[in-house]
Amino acid sequence: MKSHTRGGARSRKVPLLPVLLVLVALGVITVDAAMDDSPAEPLRGVVGDVFGPVQSGLSSAARPLNAVGEFFTTVPGLRDENAALRAANAQLKAQLDTAGIDADRLAGLEIMRAVTRDAGLDVVAASVVGVGPAQSFSRTVTIDVGTVDGVTLDMTVLNADGLVGRVVRADRSTASVLLLIDADSVVGGRLGSSMELGFLAGNGDLSDQGRLSLTTIDSSVTAAVGDAVVTWGSRNGAPYLSGVPVGSVESVQSSPRDTSTVAIVAPFVDFSSLDQVFVVVGSAPERAATQAEGGLG
Amino acid sequence: MSVLRAAVAGLLVLLAVNLQIGFFSHLTIDGVVPDVALLVVVGAALVRGPEYGAALGFAAGLALDLAPPADHTAGRWALALVITGYVAGLVRNDADRSAVVSVLTVAASAFTATSVFALSGLALGDPGVTTELVIDVLPIAVLYDVALTPLVLPAVAWVMHRVAPMSHRWAYP
């Protein structure tokens with residue numbers, strides 16, 4: 001690997017190692033992109049098992065700082081006010097936010113408990129401990145539950161407001177969730193009023209501007225503004241359960257050229273402040289069936 | 001000694017990646033986290049040269065590719081950081097050591113790494129990568145990395161000098 005000598009006169013030619021590493025990186029990309037059963041998957045599992053718990057720990061240390069981040073993003077609006085007022089504001093805001101977290105979580109938990117009891121769903125509560133950076137251009141989060149809690153691939157993730165996304169990776173103690181708003185995410189949706197079906201795609205924007213576009217299968221159907229959209233559901237409830245609230249139709253854009261209409265849906269969930277979420281690990285009828293089978297065996 | 005050196009470098013990268021995805025994900029600016037791993041790679045490359053920068057960049061990039069919640073094709077950050085680490089390492093002999101050079105190198109590196117990552121996404125047809133989004137993200141990423149440079153680079157340089165005293169030392173700002 002020592003292609004040139006170190007020290008005084010450094011050769012100007014490109015040495016072997018970096019070229020080799022670039023080629024290896026390109027190889028990894030090719031293999032991971034092209035193969036369904038990528039060798040990167042088991043590696044991701046190993047790294048996830050190691051990094052997951054560390055992420056959970058760091059996250060609980062950083063959670064009180066959430067308020068600081070919010071402060072920075074609101075600074076442009078506060079510029080006119082004097083420095084002392086800003087500092088006091090941040091301090092109060094931080095206090096308020098941290099005081100509110102526990103109460104918020106308790107309220108969320110209560111709502112979810114009632115909803116899931118009615119629907120006969122088994123859920124596990126989880127906290128968001130890591131958020132994929134905007135530099136990665138994909139909208140994923142890490143949650144602090146994993147296979148030991150019964151979480152597996154393609155499970156539905158929701159919170160008290162509605163659908164959050166689905167599990168794309170499950171490691172021992174953490175799982176990765178692809179958010180509904182990711183540009184790569186497509187969810188089957190049903191219009192509440194007409195029961196018409198369509199596909200919801202995200203626009204990748206985590207902020208309040210994050211919107212989903214709903215393309216109905218029957219192009220003659222026009223969604224009404226304010227109409228609620230729920231999930232259509234998949235076979236056996238994976239990746240998505242049916243009937244989970246997703247959002248409401250905000251506007252309808254029609255293109256006269258190709259006669260299709262696209263409804264812009266504002267999601268119920270606020271993706272920029274995700275904290276507590278719930279993973280649906282099973283439903284009551286399913287559980288009864290497994291128990292019956294177990295009884296016979 | 002070389003085992004120890006590799007272990008320390010590995011730990012540094014591990015710490016940086018975990019800070020980036022676990023800690024700084026709570027301190028984002030418009031969703032952009034500071035590239036702590038990139039700062040470590042650039043810091044090490046400025047001390048140890050292009051080959052070392054490329055090797056450490058590959059390791060850090062692969063860790064970013066595989067650590068949850070990453071969902072993109074593995075190898076994309078590795079590619080971006082190999083190139084960045086190599087180029088940052090070339091600066092070592094070409095310039096006097098000064099805080100300005102370090103900051104400029106970090107800014108250029110952040111721009112390069114984010115761009116290479118975005119371009120690899122475009123080449124692979126990743127629907128999340130759009131020109132508007134890249135234009136939004138790039139300046140924030142560069143500025144955030146520059147803002148953290150005075151905290152991270154001297155620490156990395158100190159560690160690098162401690163584990164491997166070099167014949168031609170220089171005072172780091």
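The values are calculated or read from the model by the stated rules, or taken from the named source; none is laboratory data. If you're wondering where the values come from, they're calculated on a predicted model, not measured in any experiment. So basically every Cβ, Gly included, is an ideal-geometry build from the backbone, and we count neighbours across all protein chains shown. To get the accessible areas, we keep the full protein, side chains included, count just its heavy atoms, and leave off ligands, DNA and RNA. Shrake-Rupley method; radii C 1.70, N 1.55, O 1.52, S 1.80 Å.
Just to be sure, is residue A:94 at pLDDT below 85, closer than 30 Å to residue A:214 by Cβ and more than 10 Å from chain B (Cβ to nearest Cβ)? For residue A:94, the condition - at pLDDT below 85, closer than 30 Å to residue A:214 by Cβ and more than 10 Å from chain B (Cβ to nearest Cβ) - is not met.
Filter the stretch A:144-171 down to residues that are within 11 Å of another protein chain (Cβ to nearest Cβ) and in contact with a helix residue (DSSP H, G or I) (Cβ under 6 Å, 6 or more places away or on another chain) and give me whichever is farthest from residue A:205 (Cα to Cα).
Of everything passing the filter in the stretch A:144-171, A:171 is farthest from residue A:205 (Cα to Cα).
Identify, by number, the condition in (1) within 10 Å of the chain's Cα centre (by Cα); (2) among the β-branched types (Val, Ile, Thr); (3) within 10 Å of chain A (Cβ to nearest Cβ) that residue B:13 doesn't meet. Just one mismatch for residue B:13, condition (3).
Selection of first residues in the stretch B:123-151 that are more than 7 Å from chain A (Cβ to nearest Cβ) and of second residues that are open to solvent by 40 Å² or more (accessible area, probe 1.4 Å) and among the aromatic types (Phe, Trp, Tyr), restricted to Cβ pairs under 8 Å at least 6 apart or on distinct chains, gives the following pairs, ordered by first then second residue: B:138/B:111; B:142/B:111. Looking at B:66, B:62, B:11, B:4, which one is at negative phi, of a type outside the set (Gly, Ala, Ser), in contact with a Lys or Arg (Cβ under 9 Å, 6 or more places away or on another chain) and open to solvent by 10 Å² or more (accessible area, probe 1.4 Å)? Checking each option against the conditions leaves just B:66. Looking across B:45, B:54, one residue alone is facing chain A (nearest Cβ under 8 Å) and surrounded by 24 or more Cβ atoms within 10 Å (Cβ to Cβ). It is B:54.
Among the conditions (1) under 23 Å from residue A:143 (Cα atoms); (2) free of Cβ contacts under 8 Å to residues at least 12 places away in the same chain; (3) not polar (S, T, N, Q), residue B:3 misses just one, which is (1). Restricting attention to the stretch B:111-122 and to residues that are in contact with a helix residue (DSSP H, G or I) (Cβ under 8 Å, 6 or more places away or on another chain) and either under 20 Å from residue A:33 (Cα atoms) or within 10 Å of chain A (Cβ to nearest Cβ) (or both), the residue that is surrounded by the fewest Cβ atoms within 10 Å (Cβ to Cβ) turns out to be B:115. Taking the numbered list (1) open to solvent by 30 Å² or more (accessible area, probe 1.4 Å); (2) modelled with pLDDT under 85; (3) away from every other protein chain (no Cβ under 14 Å); (4) outside any loop (DSSP other than H, G, I, E, B) in turn, residue A:282 passes all entries but (1).
Residue B:80 passes every criterion in (1) at pLDDT below 90; (2) in a helix (DSSP H, G or I); (3) within 12 Å of chain A (Cβ to nearest Cβ) apart from (1).
Search the stretch B:16-26 for residues being in contact (Cβ under 8 Å) with a residue 24 or more places away in the chain and more than 7 Å from chain A (Cβ to nearest Cβ), and hand back the single one that is surrounded by the fewest Cβ atoms within 10 Å (Cβ to Cβ). Ranking the candidates gives B:16 first. Can you pull out the residues in the stretch B:27-42 that are at the interface with another protein chain (Cβ under 7 Å from one of its Cβ atoms) and over 17 Å from residue B:117 (Cα atoms)? Selection gives B:27, B:28, B:29, B:30. Note on the stretch A:164-256: enclosed strands (runs of 3 or more DSSP E) holding 1 or more residues that are open to solvent by 50 Å² or more (accessible area, probe 1.4 Å) and among the polar types (S, T, N, Q) are A:212-216, A:245-254. Condition check for residue A:115 on (1) in a helix (DSSP H, G or I); (2) at pLDDT 85 or above: one failure, at (2).
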